[in-house]
Amino acid sequence: MGLGGLGAVLYTGPIATVIAFGIWGRLLHTYSASQVTPFALLVPVFGMAFSSLLLDEALTPISLLAASVVLLGLVTAVVGPRIAGSLALRGQPVGAP
């Protein structure tokens, strides 16, 4: 293993893991798990994007379709309940709980 490989292992292992778990823990401390967990779906999407940008790996049409489905699911999970709540409120008289 060369110096680049050693650097990659040191970055991926202790540094990135500690930072990622620290951020994740902070988010779970601040927000409920139901608000934070859907964003874990972005991990493979970012992995594909960064491998394309940094390593010149090709994004195939099927991988772009898969990323689009993940993003659509995330938007549905995050924004869907808000839309459903606002639609339900429209049917109630003003001042009703």
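Principal axis extents of the C-alpha atoms in region 4-44 (largest first, rounded to whole Å): 38, 20, 7. FRET efficiency for the ALA40 to LEU87 pair, using the beta carbon distance and R₀ = 22 Å, is estimated at 0.20.
For q values of 0.14, 0.25, 0.29 Å⁻¹, compute log₁₀ I(q)/I(0) with the Debye formula on a Cα-only model of region 41-91, without solvent. Here the Debye-derived log intensity ratios amount to -0.48, -0.89, -1.04. Annotation for region 1-56: chymotrypsin sites (Phe, Trp or Tyr not before Pro) lying in DSSP loop with at most 10 further Cβ atoms inside 10 Å of their Cβ do not exist.
Here the chain has an Rg and Dmax of 19.6, 69 Å, counting Cα atoms alone. Within the listed set SER63, SER86, SER51, the Gaussian network model of the chain (springs between alpha-carbon atoms below 10 Å) gives the highest mean-square fluctuation for SER86.
Coordinate-derived values only; no laboratory data. What you see is a predicted model, and the numbers here were worked out from it, not measured in a lab. Note that each Cβ is placed from the backbone with ideal geometry, even for glycine, and that neighbours are counted across all protein chains shown.
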